[in-house]
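Undergrad: Take a look at the following structure, please.
The values are calculated or read from the model by the stated rules, or taken from the named source; none is laboratory data. Keep in mind the model is a prediction, meaning the values are calculated, not measured. In this analysis, Cβ positions are derived from the backbone assuming ideal geometry, glycine residues included, and neighbour counts consider all displayed protein chains. Each accessible area value is taken on the protein alone, full model and side chains, heavy atoms only, with ligands, DNA and RNA left out. Shrake-Rupley method; radii C 1.70, N 1.55, O 1.52, S 1.80 Å.
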Amino acid sequence: MVSMETLVSLCKRRGFVFQSSEIYGGIGSSWDYGPLGVELRNKIKRVWWRDFVQRRPDMLGLDASILMHPTVWKASGHVDNFTDPMVDCRECRHRFRVDQLAETPWVHYCPATKGNKFTIPAGEACSHCGAARTLCPDCGKGELTPPRQFNLMFKTLMGPVEEDAAVTYLRPETAQGIFVNFDNVLQSMRRKLPFGIGQIGKAFRNEITPGNFIFRTREFEQMEIEYFVNPHETVEGRPADEYWHDRWIEDCLAWFRRYGIQSDNLRLHEHARDELAHYAKRTADVQYRFPIGWSELMGIANRTDFDLKQHAKFSGKALTYFDEERKEHVVPYVIEPSAGVDRALLAFLADAYREEEVRGEKRVVLRFHPELAPVSVAVLPLLKKRDDIVRTAHAIRDELSRDLTVVYDDTAAIGRLYRRQDEVGTPYCVTVDVQTVGDSDKGEPADGKVTIRDRDSMEQIRVEAARLAQVIGDLLRGTAWAEVAAGAGRS
Ligand SMILES: [Zn+2]
Ligand SMILES: [Zn+2]
């Protein structure tokens with residue numbers, strides 16, 4: 001398994017992820033996606049939307065605003081319950097989560113060694129004087145305040161005059177935007193249960209201990225679905241909500257596998273009763289074996305009718321569905337598959353990373369699924385001094401870039417260019433050489449063919465330039481390299 005340091009370094013060096021505000025020393029746990037990072041991110045989101053919203057007849061999309069009526073967060077329970085117990089140091093003012101204090105190494109000025117400063121591992125006592133930590137773990141001097149609840153929502157003011165402005169919040173999850181629009185979608189789109197609403201958008205949580213690169217950040221992006229089912233219906237002899245919960249768990253696991261995550265690195269974690277959120281009937285997390293160990297990649301919760309009932313209570317509006325068959329109004333149950341874009345990106349990145357040995361040299365390659373690779377095709381001229389070769393390569397880049405992410409690179413020798421594309425996961429390189437354009441000095445005619453090189457096998461085939469767009473399209477849509485190679489041989 002690749003280390004986090006290796007990934008962070010690759011991400012910076014090759015333009016995937018930069019530290020936010022780096023020239024000012026950076027800001028805690030904020031990251032900027034560079035030219036390749038934004039392509040990878042966009043492709044993850046596009047493929048998710050296509051597979052879970054566009055292709056499913058039972059799904060619709062939504063894009064709710066980040067700023068919402070403050071009562072939304074009272075109804076959802078976030079104002080009262082979205083908190084962590086915290087203590088502050090009276091000396092250095094650092095703040096700690098109570099439940100993590102025992103897991104934090106601590107600074108100690110030891111009276112048994114004339115006040116020498118030691119950093120003692122988490123949970124251990126001083127080996128010189130036997131003291132256990134009672135003071136601040138960071139400065140070793142300050143007393144800690146009694147615990148108090150700290151709300152994780154970002155508070156902000158809405159309106160031009162600060163004194164009169166209403167306090168509201170940056171949304172801590174996209175889900176509530178879907179719940180408050182349930183009736184709008186139901187009325188405008190005339191849906192029957194079960195149906196779902198998908199949404200991709202930013203959310204904000206003032207995490208006390210963010211970290212591990214893009215794994216836990218205060219600003220992040222969610223890909224969420226709220227799938228509404230009739231709790232009075234049964235499917236295959238089981239309550240509809242339980243049946244659909246299982247279906248969504250299977251669909252989500254299958255989705256990650258389809259885009260290249262190795263099965264060995266995925267597992268399901270069922271929440272025990274005492275782990276469950278107060279609204280949940282059952283929650284299963286999809287965990288991934290990240291460089292930091294097994295951690296949550298996404299959660300799939302059965303939120304019951306909790307949210308719709310809460311919003312009906314606080315807004316005074318009925319949020320029900322009329323069941324024609326049973327002639328009754330029901331409050332749907334909700335299955336919520338909720339994934340983070342940033343975490344998914346980290347998982348796809350870690351899973352794609354390989355170090356291989358090729359002819360005695362180390363090759364770093366990101367084996368991204370072709371549909372997720374930030375660059376789909378690199379067009380490389382074999383000789384950058386030949387105008388006709390360069391012109392042809394640019395023309396190919398222009399044509400392919402109508403539908404694909406394509407780069408042109410002539411800044412090194414071909415072997416070097418291939419390695420660079422391997423390292424960012426480009427599945428196919430196209431080279432234009434002398435044979436493509438011919439050599440009139442030597443009386444050699446142009447064959448009009450270009451070379452396609454496959455990233456994973458490093459095999460090469462020659463195809464007619466006129467057929468290139470179609471061949472690349474077939475490969476990106478999933479046709480096996482061997483099949484395309486056999487076809488190229490025949491032509
Ligand atoms: Zn302190
Ligand atoms: Zn000591």
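Undergrad: Please state, to two decimals, what the Cα-based radius of gyration of the stretch 58-170 comes to when divided by 2.2 N^0.38 Å (N = residues).
TA: 1.60
Undergrad: Give me the distance between the Cα centres of the stretch 166-199 and the stretch 25-56, rounded to whole Å.
TA: 22 Å
Undergrad: Taking a probe of 1.4 angstrom, what is the accessible area of LEU276 in Å², to the nearest 10?
TA: Only protein atoms counted, so the area is about 40 Å².
Undergrad: Excluding ligands, DNA and RNA, what is the solvent-accessible area per residue of the stretch 13-124 at a probe of 1.4 Å, expressed in Å²?
TA: Per residue, the stretch 13-124 has an accessible area of 56 Å².
Undergrad: Mind checking the angle between helix 4-13 and the chain's longest principal axis? C-alpha axes, 0 to 90 degrees, to the nearest 10.
TA: So the inclination is approximately 50 degrees.
Undergrad: Looking only at Cβ-Cβ distances, which cysteines of the chain have no other cysteine closer than 4.7 Å?
TA: CYS11, CYS110, CYS126, CYS129, CYS252, CYS429 - these cysteines have no disulfide-compatible partner (Cβ-Cβ under 4.7 Å) in the chain.
Undergrad: Sticking with this one: How much accessible surface area, in Å² rounded to 10, belongs to the heavy atoms of TYR353 with a 1.4 Å probe?
TA: Here the accessible area works out near 30 Å².
Undergrad: Something else: Going by accessible area, probe 1.4 Å, with all protein chains left in place, what is the ranking of LEU366, LEU157, largest first?
TA: Result, largest first: LEU157, LEU366.
Undergrad: Can I ask one more? What does the stretch 324-387 give for Rg and for Dmax, in Å, if only its C-alpha atoms count?
TA: 23.8, 78
Undergrad: Sticking with this structure for a sec: Accessible area of the stretch 1-155 with a 1.4 Å probe: how many percent of it is carbon plus sulfur?
TA: Result for the stretch 1-155: 52 percent of the exposed heavy-atom area is carbon or sulfur.
Undergrad: With the convex hull built on the Cα atoms of the stretch 1-137, state its orientation-averaged projected area in nm². Before the final figure, lay out each step's value.
TA: Numbers: hull surface 60.4 nm².
If you wrap the Cα atoms of the stretch 1-137 in a convex hull and average its projections, you get 15.1 nm².
Undergrad: Cα axis of helix 240-258 to longest principal axis of the chain: angle in degrees, 0 to 90, nearest 10?
TA: Approximately 40 degrees, to the nearest ten.
Undergrad: Can you give the direction-averaged projected area of the convex hull of the alpha-carbon atoms in the chain, in nm²?
TA: 33.1 nm²
Undergrad: How fast does the stretch 287-416 diffuse by Stokes-Einstein, in µm²/s, taking the Kirkwood radius from C-alpha pairs at 10 °C and 1.306 mPa s? Could you put the intermediate results ahead of the total?
TA: Numbers: Rh = 20.4 Å.
In µm²/s, the coefficient is 78.
Undergrad: Could you tally the net charge around ALA318, taking each other residue with its Cβ under 15 Å from the Cβ of ALA318, Lys/Arg +1 and Asp/Glu -1?
TA: Here the count lands on -2.
Undergrad: Accessible area, 1.4 Å probe, largest first: how do GLU219, GLU356 sort?
TA: Highest to lowest solvent-accessible surface, that is GLU219, GLU356.
Undergrad: For the stretch 363-436, what log10 I(q)/I(0) values come out of the Debye formula at q = 0.23, 0.24 1/Å, with one point per alpha carbon and no solvent?
TA: At q = 0.23, 0.24 Å⁻¹ the computed log10 ratios are -1.00, -1.06.
Undergrad: Dipole of the chain (Lys/Arg Cβ +1, Asp/Glu Cβ -1, origin at the Cα centre): which of TYR109, ILE472, ALA347 lies farthest to the positive side?
TA: TYR109
Undergrad: Magnitude of the Cβ-charge dipole of the chain, K/R +1 and D/E -1, about the Cα centre, nearest 20 debye? Could you put the intermediate results ahead of the total?
TA: On the way: 67 positive and 73 negative charges, 130 e Å.
With only Lys, Arg, Asp and Glu charged at Cβ, the dipole is about 620 debye.
Undergrad: Still on this structure: Kirkwood Rh, the stretch 153-220, all Cα pairs: how many Å?
TA: About 14.8 Å, per the Kirkwood formula over Cα pairs.
Undergrad: What share of the DSSP beta bridges in the chain is antiparallel, in percent to the nearest 5? Mind dumping the intermediate values first?
TA: Working: 80 of 91 bridges.
Roughly 90 percent of the DSSP beta bridges within the chain come out antiparallel.
Undergrad: Tell me, rounded to the nearest percent, the portion of alpha carbon pairs in the stretch 170-257 spaced more than 23 Å apart.
TA: 41 percent
Undergrad: Using DSSP, restrict attention to beta bridges with both residues in the stretch 158-316 and report what percent are antiparallel, rounded to the nearest 5.
TA: Just about 100 percent of them are antiparallel.
Undergrad: How large is the dipole of the stretch 382-477 about the Cα centre if only Lys and Arg carry +1 and Asp and Glu carry -1, each at its Cβ, rounded to the nearest 20 debye?
TA: Dipole magnitude for the stretch 382-477 comes out near 180 debye.
Undergrad: How large is the dipole of the stretch 192-343 about the Cα centre if only Lys and Arg carry +1 and Asp and Glu carry -1, each at its Cβ, rounded to the nearest 20 debye? Working shown, then result.
TA: Details: 21 positive and 26 negative charges, 66 e Å.
Result for the stretch 192-343 is approximately 320 debye, rounded to the nearest 20.
Undergrad: While we're on this one: For the stretch 345-441, give the share of DSSP beta bridges that are antiparallel, in percent and rounded to the nearest 5; count only bridges with both residues there. Spell out each step's value before the answer.
TA: Numbers: 6 of 14 bridges.
Taking every DSSP beta bridge with both residues in the stretch 345-441, the antiparallel ones total about 45 percent.
Undergrad: What net charge do the residues around THR209 carry, taking every other residue with its C-beta under 14 Å from that of THR209, with Lys and Arg at +1 and Asp and Glu at -1?
TA: Result for the neighbourhood of THR209: 0.
Undergrad: For the charge dipole of the stretch 239-278, defined by +1 on Lys and Arg C-beta atoms and -1 on Asp and Glu C-beta atoms about the Cα centroid, which residue among HIS271, CYS252, PRO239 has the Cα displaced farthest towards the positive pole?
TA: The Cα lying farthest towards the positive end belongs to CYS252.
Undergrad: At a 1.4 Å probe radius, which order do TYR321, TYR24 fall into by accessible area, largest first? Before the final figure, lay out each step's value.
TA: On the way: TYR321 25, TYR24 190 Å².
The most accessible residue leads, giving TYR24, TYR321.
Undergrad: For the Cα atoms of the chain, what angle does the longest principal axis make with the long axis of helix 387-400, in degrees from 0 to 90, nearest 10?
TA: 40 degrees
Undergrad: Among the aspartates and glutamates, which have Cα under 17 Å from the Cα of LYS12 when same-chain residues fewer than 8 positions away are ignored?
TA: GLU22, ASP32, GLU39, ASP342, ASP422, GLU423
Undergrad: While we're here: Within the set LYS114/LYS141; LYS45/LYS449; LYS385/LYS442; LYS74/LYS281; LYS192/LYS327, which residue pairs have Cα atoms separated by over 23 Å?
TA: The pairs that break the limit, which is 23 Å between Cα atoms, are LYS45/LYS449.
Undergrad: Let me ask something else. Per 10 Å bin, what percent of the C-alpha pairs of the stretch 196-327 does each bin hold, from zero upward?
TA: 10, 31, 38, 16, 5, 0
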